[in-house]
Amino acid sequence: MNKKFLNKKGKLQLPFLILLIFAILIILLVLVSTGWVIGQRMNQEAISAERTALPTITLATVPFTVTTDPSVTPQIPQTTKTVNPTINTSTPTLPPQCGSTKDVVTFLLIAKDYEEGNKEGGGKNDYTTGFADAIRVVRVDYRTGKVTMLAIPRDLVVSIPGLEAHSIYQERIKMAYAYGYQYDTPGQGPVLVANALATNFGFQIDYTFTMNFSAFYEMVETIGGLEIDVSEDIGQFTAGHYNMSGFQALAYARLRDKAGEDTSDVSRIERQTQIIYAIRDKALSPEILPQIPELIPQFLQLTSTDVTVGEVNHLLCLADMISDVESIEMDETYFTIQIDAFGYERYVPHYGEIRRLVEDFQLP
């Protein structure tokens, strides 16, 4: 790791974790559709122009919960066998740090897209319309200081719990966000996405963050753009080094086109990860780092989240103790890509493979 991110003790500087989460939240917007961007600078083509608009509904006030019961730790059977005493060489279990009562906390991060028909244009704090166009689950281990990010393809077909009365059984995971508001389910959009992930794959989620394209644009502009190396021609970007504005970063990471060919959502997720680390590097630069105390409240005002003040304090404390950061992205080992009758991608999940991945992701 670059030494400029370390303090005198050789540990990551205090704001790192909260900045990492900021970076993840910001990058989740890069898959939003080409509706409007601040200052009428967004592309004119709507990514879902022919879809039926969803109604605008008041933001959820129900506290976030996951209905799926947590897995039960198997009990070790008693034995009467006598054994010789030996020295225990196993690694002792570490207690959670920073005052957390949980060993591990998991965040569901959602980027809400824009649908032109929903008339969202100017509502910076409107989180009640559109789809979960990009999704990441972030696991923070308070014992070891390890942070792990797992990207969830937005077109993964899942069972949507609780909507059987509306004849909705299976759909792409991104639709769960819209259905949560359309049918006013408990906790609405973010919670329905969380419950779908729990029901289908066994995720245990504690908190949700949701971010829209306005927040992404403003945050990237605030930190002065991003340094990005484009390795090959893609869409309107030729290979080379860029200092991308918020609008350029948004356009770059949502592109599917590669030399005239559709590279699917998998390549876009890879570009998300690239921009995550570009945001981290810029935010920890000498010119931006002193501004962090002002950026944190500004950022939180742009998002919709149920994270408590206490949890934010725990994260700030843990930031100086981070031992590792890992990003996990699914490939076609975990799903089969199909094209539906409307020309949209559907990722048919390989349930066994994904559940094993989630089990490893959530290991104690």
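The values are calculated or read from the model by the stated rules, or taken from the named source; none is laboratory data. All figures in this text were calculated on a predicted structure; none of them were measured in a lab. With ideal geometry, Cβ positions are generated from the backbone for all residues, glycine too; neighbour counts draw on all protein chains shown. We work out accessible area using only protein heavy atoms, side chains counted, and drop any ligands, DNA or RNA first. Shrake-Rupley method; radii C 1.70, N 1.55, O 1.52, S 1.80 Å.
Observations
- The residue pairs whose first member lies in the range 332-346 and is under 16 Å from Ala151 (Cα atoms) and without any contact (Cβ under 8 Å) to a residue 24 or more places away in the chain, whose second member is outside any strand (DSSP E or B) and of a type outside the set (Ser, Thr, Tyr), and whose beta carbons are closer than 7 Å, counting only pairs six or more residues apart or on different chains, are Thr333/Glu353; Tyr334/His350; Tyr334/Glu353; Tyr334/Ile354; Tyr334/Leu357.
- Enumeration of residues in the range 142-169 that are without any contact (Cβ under 8 Å) to a residue 24 or more places away in the chain and either under 20 Å from Tyr347 (Cα atoms) or open to solvent by 20 Å² or more (accessible area, probe 1.4 Å) (or both): Glu164, Ala165, His166, Ser167, Ile168, Tyr169
- Matching residues, the range 89-128, being among the hydroxyl-bearing types (Ser, Thr, Tyr) and either at pLDDT below 85 or in a strand (DSSP E or B) (or both): Thr89, Ser90, Thr91, Thr93, Thr106, Tyr114
- Ile288 being buried (at least 16 other Cβ atoms within 10 Å of the Cβ), closer than 20 Å to Phe107 by Cβ and touching a residue at least 12 places away in the same chain (Cβ under 8 Å): no
- You will find that of Gly235, Gly225, the residue that is surrounded by fewer than 21 Cβ atoms within 10 Å (Cβ to Cβ) and at pLDDT below 90 is Gly235 and no other.
- Some residue of the range 246-263 being at pLDDT 85 or above and farther than 23 Å from Lys282 by Cβ: no
- Some residue of the range 255-264 being in contact (Cβ under 8 Å) with a residue 40 or more places away in the chain and on the phi < 0 side of the Ramachandran plot: no
- Ala341 meets all of the listed conditions (1) surrounded by 18 or more Cβ atoms within 10 Å (Cβ to Cβ); (2) hydrophobic (A, V, I, L, M, F, W, C); (3) not in a helix (DSSP H, G or I) but one, namely (1).
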